[in-house]
Structure formats: structure tokens, C-alpha cells
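What follows is a short report on a single structure.
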Amino acid sequence: MTKFDHIDEKQITRAIVSGFTKEFMEIIESDVVIVGGGPSGLVAAKELASAGKNVVIFEANNYLGGGFWIGGYLMNKLTVRAPGQTVLDEIGVPYEEVEPGLFMANGPHACSKLVAAACDAGAKIINMTKVDDVVMREGRVAGVVINWTPVGALPRAITCVDPVAVESKLVIDATGHDAIVVNCLVERGLVDVKGFGGMWVSRSEDALVEHTGEVYPGLLATGMAVATVHGLPRMGPTFGGMLISGKRVAEQALMQLESGMFDIEPLVQV
Ligand code: 48F
């Protein structure tokens, strides 16, 4: 019979609290905060962490993956147009070519591999945490304001729970159609957002990758958030654009991080 080691309650609680606190201390100041752990955010996190950057994903849900678990219409087959399958190759996701240039993978398999790839690369993940606002320093986004997701579900009478903030050199909005972080700037009249257009698969993905990048100093967008910001057509249940957009935003973030612009510390005097 299996016999487990004797470990009591206080040891387990100590392990959880000290483990979480240690990790959280490391993300209070990071190179890049990625808001949203869908396909574009996960690819960006994997790329940036692989390049040695200190990266954290804040995800409002308990689970990561966003829309990448289910292809479309609650059917869990993901489609990817070439060259999106090259990202599936990199993370070891099996797929079949259903037509020349159109590939199909199983959602749960692809999504779990992508989550694992981001974690394996060293990205830190804080889930059940919602980004509510941005930190601003002299015309730059310089971090995000966060709170536990369940706080938003509490009755109004007991929701006076102040958030906390973390600082980062760059923030990436990977929150999908809602472009939550960009909208924090829209509300202040700092950025204009067009709203995503109707579905047009063959136009959407090239345009999305092309427009991926900076929206405001310190803030970049990837994935469907880009379509929302720039009024690009939506692409529905095909994911190559999300994966390649994640790569592109990581390249752009790396260029900024390595440009020397953050070498003088602090960037902005308080
Ligand atoms: O929506 P989502 O999968 O974003 P994406 O990477 O991919 C879009 C596709 O899934 C699909 C599509 C393309 O074929 O049209 O929709 O652009 O993932 C967005 C993630 O962001 C989280 C949300 O829970 C989801 O996991 N999120 C949204 N708002 C917040 C957030 C927030 N305020 N704070 C933290 N996470």
C-alpha cells in the first residue's frame, strides 16, 4: 500500500503562503506585464521569457488559454492558416492539414501545450486577478492596477476593497475583443478605438499582425485587442493570427527593452 509522508496542516499552509509571496515579490517590478492569458498573450509570454525577460501574465479567470480551448461554436477543433502552424510545430502540437494551407488541431491538446510552453520558458502566472486600470507616469503606461477577480463579484455593500499596483517597463494588452487595458486610456481621452469590424477571414489575420504593436507609450496590443483598436475585420474561429501576433508583439517589446531607453533608472522621477 502507498504510504504518504507525514505532513501537517501548518506546513501546507506555510508552503502556499510563502511560495505565493516569494513569487509575487518578484513581479511587483517586472520587464513586461501581459494582461490576459489567451493564445496571443501566452505566445508573447513564452517568447519574452525565453529571451530572459521578467514576464508576468495577469489572468482574470482561474484557467489560462482564453478562446484557445474551443475552436468555434463550442466545437473543440482549432483551425490555423499557414504559416500559423509553425508555432504549433515549435510547441509540439500535433495537427492535420485538412486543405492545402489549412491546419486543424485539438483545442485541449494545443491549449495545454501552449500554457506549458509559457510556464516552461519562465513566465510567471497570476490567475484569478483582474487588471482594472493602468499606472501612468508622465505620458507613459508604467504598470497596472490589479484586484482579485472575486472582489468584482461581491455585493456592492462590501466591495470597498482597494486594489494594488505593480510596475513594469511595458504592458501588453492581450485581453481579446474587449481591449480592456487600451480602454483605460480611451476613457481618459488619450487613445481612440475603432471597434473590430465584421468577419473577413482572408483579410483579417495579415492586417492584425501588421497592426500589432504600440498603442501608447509603454502599452502594446496583441491578438484580438489589435482588431478592436484599429477597426480590423474579425477572423472568427481561426487562430494563426493570434499566434503570430503574439510573436510580433514580443519582437517589438524586445526591441524597446533592448534599445537602451530603460537604462537610466528610474526612467521617470517621482
Ligand atoms: O479572448 P482571448 O482568447 O484573446 P486573444 O489572445 O485570442 C482571441 C481568440 O481567442 C478568439 C478570436 C481569434 O480567433 O477571435 O477570440 O486575443 O483571451 C483573452 C484573455 O484575457 C483575459 C480573459 O479572461 C482571457 O483569458 N482577460 C480579459 N480581461 C481581463 C483579462 C482583465 N481585465 N484582467 C486580466 N485578464
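The values are calculated or read from the model by the stated rules, or taken from the named source; none is laboratory data. As the structure is a computational prediction, the values presented were derived from the model and not from experiment. Note that each Cβ is placed from the backbone with ideal geometry, even for glycine, and that neighbours are counted across all protein chains shown. Quick note on the areas: whole protein, heavy atoms, side chains included, nothing else; ligands and nucleic acids left out. Shrake-Rupley method; radii C 1.70, N 1.55, O 1.52, S 1.80 Å.
Before moving on, here are some points about what is shown:
- 3J(HN,Hα) couplings calculated from phi for region 44-50 with the Karplus curve 6.51 cos²θ - 1.76 cosθ + 1.60 (θ = phi - 60°) are, in sequence order, 4, 5, 4, 5, 5, 5, 4 Hz; Gly and Pro show x.
- Qualifying GluC sites (Glu not before Pro) in region 186-270, where qualification requires a DSSP coil assignment and no more than 13 other C-beta atoms within 10 Å, comprise E187, E258.
- With a cut-off of 19 Å on the backbone N, the residues of region 47-62 near the modelled label site 7 Å out from E26 along Cα-Cβ are 47-59.
- 5 angstrom amide H check on R234, placed H, neighbours 5+ away: G197, G198, M199, W200
- Between region 1-78 and region 243-263, the Cα center-to-center distance that results, in Å: 21 Å
- The R203 and H109 beta-carbon pair, evaluated with R₀ = 25 Å, returns a calculated FRET efficiency of approximately 0.30.
- Phi-based couplings in Hz for region 9-19 (Karplus 6.51, -1.76, 1.60; Gly and Pro marked x): 4, 5, 5, 5, 5, 4, 4, 5, 5, 6, x
- Antiparallel bridges, percent of DSSP beta bridges restricted to the chain (to nearest 5): 55 percent
- Annotation: amide H-H contacts under 5 Å for M128 (H modelled 1.01 Å from N, sequence separation of 5 or more, or interchain): E59, N61, N62.
- Among the trypsin sites (Lys or Arg not before Pro) found in region 1-93, those both in a DSSP coil and sparsely packed, with 11 or fewer other Cβ atoms within 10 Å of their Cβ, are K3.
- Note on surface exposure: K130, K169 rank K130, K169 by accessible area, highest first, 1.4 Å probe.
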